[in-house]
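A single structure is presented below for examination.
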Amino acid sequence: MQRGLGQALVMVIPALTLCANVATAQYSCTSAWGSLGPADGQFEGPQGIAVAPNGHVYVAEGANNCRVQEFTAAGTFVRKWGKMGSGPGQFYNGLDVAVDPDGFVYVADANAARVQKFSPEGTLLQSWGSRGAGPGQFAGSDLGIAVDNGRIYFADAGNHRVEVFDAAGAYITEWVTADSSGYWDPCALAADGQGRLYVTAYAVTLPGSIVNNARVLEFDDMGALHKQWGTFGTASGELAGPCKIAVDGDRLVVVDVYARRVALFARDGTYLGDAVNECLHAPFAVASKGHGTVYVTDYDSDSVVGLSGCATSPTESATWGRLKSRYRPAPLR
């Protein structure tokens, strides 16, 4: 699929099998839709992506389109809303999106440092957030989002923390993303529906904001850090920078933006291989439908790519964070 103006492309090849061996299971490219442009079903730098309980896919765009588009699972356009601006129902850039079990859509706007909640049809219901470091505020850098068990989680990278709200936007608590090595900037969040939250995080060298480390942190729903893993680099199984993440059954699906690949890991961090070796140009974000189906936004081809693999245990949908263009990877040796 080539990047360029034209009609939106839709291609679907259904596929789903049961896992004989999770450790060797990969995915196949089974659907794709989108092309560069402002028309319905087209994209200009698609960013956040989420899967609703009814299987519909929501895609958030920054750049010039600044909107949310809804599609069926097969890629058929349903509706859109939003435009560039700071008014109600408008967006800037650095967008992430999540959908709760009732179908309500939450859009995190990093550049505007706020969150807006919509009905499944795109009607604005409420918004909250402002720029700052206090409770309920955001730093205005990466702002990943995930929904789990009635709570809304945000990766507030600039403040080195995860903030927790209820579904009405009321602040509940926060926890700092740090360990003995120092602070980590959280980028993306994925909830497993069973009280575990997986956070991709990175560290930078100042001045210049050059990424010098990356890893995955596992928290429980009380904010206790249970596990962390990841080796910085571009070799197989390593993480090269800010990553996006989704839970698909027993596996973690990680989009490594700098390395331009989608990697699979077991819950304990064991590298299982890359998800696919074709059909993706510059994967940017990932969302899981569960049961072996995930969707990836591709920033270079301005498209959404559906991947299908063998099914493992059921899981809740989960979404990603966002890569700020001001971050640059450090030279790797």
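Taking all protein chains as present, what is the carbon and sulfur share of the accessible area of the range 157-262, in % to the nearest whole number, probe 1.4 Å?
Values: 1760 of 3580 Å².
On the range 157-262, the fraction of accessible area on carbon and sulfur atoms equals 49 percent.
Which length gain, in nm to one decimal place, applies between T205 and T76 when the Cα-Cα distance is subtracted from 0.36 nm times their residue separation? Walk me through the numbers on the way to the answer.
Working: separation 129, 0.36 × 129 = 46.44 nm, distance 4.33 nm.
That works out to 42.1 nm of additional length.
Post the alpha-carbon centroid distance, the range 258-279 to the range 189-230, in whole angstrom.
17
At 20 °C and a viscosity of 1.002 mPa s, what translational diffusion coefficient does Stokes-Einstein give for the range 23-138, taking Rh as the Kirkwood radius over Cα pairs? Give it in µm²/s as a whole number. Walk me through the numbers on the way to the answer.
On the way: Rh = 14.7 Å.
After rounding, the answer is 145 µm²/s.
Still on this structure: Enumerate the lysines that K117 could reach by cross-link, defined here as Cα to Cα under 29 Å, with residues fewer than 8 away along the same chain left out.
K80, K83, K244, K289, K324
At q = 0.29 Å⁻¹, what base-10 log of I(q)/I(0) does the Debye formula yield for the range 58-102 when every alpha carbon is treated as an equal point scatterer in vacuo?
-1.07
Under a plain spin-label model, where a point goes 7 Å from the Cα along Cα-to-Cβ, how far apart in nm are A63 and S127?
Modelled inter-label distance: 2.3 nm.
Ranked highest first by average number of other Cβ atoms within 10 Å, how do 141-150, 59-68, 172-181 line up? Write out the running numbers ahead of the final one.
Values: 141-150: 23.8, 59-68: 22.1, 172-181: 13.7.
Highest to lowest by the protection proxy: 141-150, 59-68, 172-181.
The values are calculated or read from the model by the stated rules, or taken from the named source; none is laboratory data. Note that the structure is predicted; figures quoted are calculated from it, not measured. In this analysis, Cβ positions are derived from the backbone assuming ideal geometry, glycine residues included, and neighbour counts consider all displayed protein chains. In case anyone asks, the SASA skips ligands and DNA or RNA and just uses the protein heavy atoms, side chains included. Shrake-Rupley method; radii C 1.70, N 1.55, O 1.52, S 1.80 Å.
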